[in-house]
Amino acid sequence: MTPKISESEKEKRRMHIIQSAGEVFKRKGYVNSTMQDIVDETEMSRGWVYLYFSSKDEIMKVILAENDKETEAQIKNLLTSGLSVWKGLCGLIDMMEQQLSNASDELPIVIYEYFISGWKEQERRSMLEEHYKKQQAYLVHYLQKGVEDGEFNPRVDLDVINKMITSYFEGVLLHTKAAGIGNVRVKEQLRLFKSILKEVLQVHDLEGES
């Protein structure tokens, strides 16, 4: 007779599979990873893993959903932090530099690989569009707060600035992973990007921040 497993234990096993899959994807890439690789990484039986997930695609969708939740939580934390929006934006840019400096953090590039490798599949393209819209919605909401608080008097449409930020971050990420952080000169680029962003947003220096 199979022993009963508590809901908390089920969730613990589920999260272990997701985390193990993430490690496999970061090490081998999404395309080159197999369900057997994930089973081996979990050190669980094949039957147990398939009880929770039937494919690596199913696991990747959960990872994407968690990534979106983390982004949303990050913006919500900034909204309630008491920091000015400009200071919060600068913090996000600094955080990106730290992320790019961390060679072991390959999850962002795995996400791009997942979408690019399936760009001709309608479901994958629809997911990418939804993912993009969510990321845009989180950030534009934050930028709008800067306008409402009197911090920003943007020179161009806020939506265009929002998309510029996203495109820039993604471009720097891809170039850094392809050519290396030193060759891309990330630190200098991000410093310049802050200056450009400050000019485009027309930041009103409420707290004497740079």
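The values are calculated or read from the model by the stated rules, or taken from the named source; none is laboratory data. Fair warning: this is a prediction, and the values are worked out from it, not measured in the lab. Don't worry about glycine lacking a Cβ; one is built from the backbone with ideal geometry, like all the others, and counts go over all protein chains shown.
Tabulated values for the structure
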read-out: Matching entry among L197, L173 (being modelled with pLDDT under 90 and either closer than 21 Å to I75 by Cβ or crowded, with 17+ Cβ neighbours inside 10 Å (or both)); value: L173
read-out: Output for segment 122-172, where each listed residue is more than 15 Å from the chain's Cα centre (by Cα) and among the acidic types (D, E); value: E123, E148, D149, E151, D157, D159
read-out: Pairs with Cβ under 6 Å, 6+ apart, first in segment 61-80 and closer than 21 Å to S126 by Cα, second at pLDDT below 90 and surrounded by 13 or more Cβ atoms within 10 Å (Cβ to Cβ); value: D68/K134; T71/Y138; E72/Y138
read-out: Yes/no for K187 being part of a helix (DSSP H, G or I), more than 25 Å from G82 (Cβ to Cβ) and either modelled with pLDDT under 85 or in contact with an Asp or Glu (Cβ under 8 Å, 6 or more places away or on another chain) (or both); value: yes
read-out: Qualifying residue in segment 149-158 (condition: touching a residue at least 12 places away in the same chain (Cβ under 8 Å), among the β-branched types (V, I, T) and surrounded by 17 or more Cβ atoms within 10 Å (Cβ to Cβ)); value: no
read-out: Residues of segment 1-35 satisfying the condition of being over 20 Å from L107 (Cα atoms) and exposed (fewer than 13 other Cβ atoms within 10 Å of the Cβ); value: M1, T2, P3, K4, I5, S6, E7, S8, E9, K10, E11, K12
read-out: Scan of segment 6-43 for residues that are free of Cβ contacts under 8 Å to residues at least 24 places away in the same chain, part of a loop (DSSP other than H, G, I, E, B) and touching a helix residue (DSSP H, G or I) at 6+ places or on another chain (Cβ under 8 Å), ordered by number; value: S33, T34
read-out: Hey, E72 among the acidic types (D, E), in the same structural domain as P154 (by TED's automatic domain parsing), out of contact with any Pro (no Cβ under 8 Å at 6 or more places or on another chain) and closer than 27 Å to V31 by Cα or not; value: no
read-out: Any hit, segment 92-112, residues being in contact (Cβ under 8 Å) with a residue 60 or more places away in the chain, more than 23 Å from A21 (Cα to Cα) and among the aliphatic types (A, V, I, L, M); value: yes
read-out: Meets criteria (more than 21 Å from M164 (Cα to Cα) and among the basic types (K, R)) for K61; value: yes
read-out: The listed residue being buried (at least 17 other Cβ atoms within 10 Å of the Cβ), free of Cβ contacts under 8 Å to residues at least 40 places away in the same chain and out of contact with any Lys or Arg (no Cβ under 6 Å at 6 or more places or on another chain), out of Y132, Y168; value: Y168
